[in-house]
Amino acid sequence: MEALLNTVVPVAFIVLMGYLVGKRIDFDLQTLSKLSIYVLVPVLIFDAMLRARLTGASVLGITAAFFIASAGLYGVALALSRWLRLDKGTTKTLIASATFPNSGNMGLSLTFFALGQPGLDRAIVFFIASSVLMFGLGPAFLRGGGFLQSLGFTLKLPLFWALAGGLLVRGLGIPLPLGLDEGVHLLGQACIPVMLLTLGIQIARSRPEWGSFELQASSLRLLAAPLLAGVAGWALGLERLDVQVLVLQSAMPIAVNAFLMAGEFGGDGPRAARAVVASSVLSFLTIPLVLLLIGVG
């Protein structure tokens, strides 16, 4: 129980600080999000690639299990949509909400507190895979655009170039001069608290709605997703830490980007926004249970 509290309380504290500040100060959330996406997250990824101690089996296994579980989750969400006879826009929003996890600002943070640096290294692999799904296939699904168009959008994101650059520098054994590696590490460490503060501010500006759609989307994201991820990891015979990270990252609430992309590319933006907030609040009840199930606590 002490380990569980040591994992959840620091995350909840930073989110709470963001919530309290967000109630009193009018921060520009778009600027904070861009700072994270275009500066802090790429630097964190670059630093992690320099320092990570990962095997190829872990990278391939986590990536494969993520996409297998996501395919299963897509099928469950689609079947539920048809059973409920949802319209096209609402169906797209439910599927996006179910399959786009908040594996960045909340997932990376919580995994680091729960499983340390080795867990964070693996969580970044999951985060990159989920970003490919969200930014690569997401627009094509929501908007109906072609694969090449979505691929072009994906390649504009700096996180993939940060990944490639980190792997290249590490693979060639190129030392960063003048203590630059420490500067990169220091800036990367700023990523996690800034993203958690941003999440708290986002919650402060929204009111949870507990309608049927929000509860259905939250249940798919918080309960069905980690279950399917655990089954996929077990079926592929992944190592224990790989499965722990896979399940914990899959237990994250709906990504804020699900709301942004639904509004931009053809889903139901207001419903997606309500589902994001509802799942974020409910996740503080479900994530401790997931931590206990994977052996943290």
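Hey, could you check the range 76-87 for residues that are in a helix (DSSP H, G or I) and touching a helix residue (DSSP H, G or I) at 6+ places or on another chain (Cβ under 9 Å) and say which is surrounded by the fewest Cβ atoms within 10 Å (Cβ to Cβ)?
Checking each candidate, the answer is 82.
Could you please let me know if residue 93 is open to solvent by less than 40 Å² (accessible area, probe 1.4 Å) and assigned to a helix (DSSP H, G or I)?
Yes; evaluated as a whole, the condition is true for this residue.
In the range 168-177, how many residues are in a helix (DSSP H, G or I), of a type in the set (A, V, I, L, M) and either in contact with an Asp or Glu (Cβ under 8 Å, 6 or more places away or on another chain) or open to solvent by 40 Å² or more (accessible area, probe 1.4 Å) (or both)?
Looking only at that region, the number is 2.
Suppose we filter the range 62-112 for residues that are of a type in the set (D, E, K, R), touching a residue at least 60 places away in the same chain (Cβ under 8 Å) and over 27 Å from residue 123 (Cα atoms); how many remain?
Qualifying residue count for the region: 0.
Just checking, how many residues over the range 38-63 are open to solvent by 60 Å² or more (accessible area, probe 1.4 Å) and in contact with a His (Cβ under 9 Å, 6 or more places away or on another chain)?
The total comes to 1.
Which members of the range 8-37 meet the condition of being surrounded by fewer than 13 Cβ atoms within 10 Å (Cβ to Cβ) and under 21 Å from the mean Cα position of the chain (by Cα)?
9, 13, 30, 31, 34
Among the residues of the range 178-214, how many are open to solvent by less than 50 Å² (accessible area, probe 1.4 Å) and farther than 28 Å from residue 278 by Cα?
The total comes to 4.
Criterion first (in a helix (DSSP H, G or I), at pLDDT 85 or above and surrounded by 15 or more Cβ atoms within 10 Å (Cβ to Cβ)) does residue 219 satisfy it?
yes
Among the residues that make up the range 64-75, is at least one of them aliphatic (A, V, I, L, M), modelled with pLDDT of 90 or more, open to solvent by 70 Å² or more (accessible area, probe 1.4 Å) and on the phi < 0 side of the Ramachandran plot?
Within the range 64-75 (the criterion being aliphatic (A, V, I, L, M), modelled with pLDDT of 90 or more, open to solvent by 70 Å² or more (accessible area, probe 1.4 Å) and on the phi < 0 side of the Ramachandran plot), the answer is yes, since at least one residue qualifies.
What tally of residues in the range 53-63 results from selecting those that are modelled with pLDDT of 90 or more and out of contact with any Asp or Glu (no Cβ under 9 Å at 6 or more places or on another chain)?
Summing the residues that are modelled with pLDDT of 90 or more and out of contact with any Asp or Glu (no Cβ under 9 Å at 6 or more places or on another chain) in the range 53-63 gives 2.
So, in the range 259-272, exactly how many residues are surrounded by 24 or more Cβ atoms within 10 Å (Cβ to Cβ) and modelled with pLDDT of 75 or more?
Here the count works out to 1.
The values are calculated or read from the model by the stated rules, or taken from the named source; none is laboratory data. Given the structure is predicted, the values throughout are model-derived calculations rather than measurements. Cβ: placed from backbone, ideal geometry, glycine included. Neighbour counts: every protein chain shown. Remember, those area values only see protein heavy atoms, side chains included, never the ligands or the DNA or RNA. Shrake-Rupley method; radii C 1.70, N 1.55, O 1.52, S 1.80 Å.
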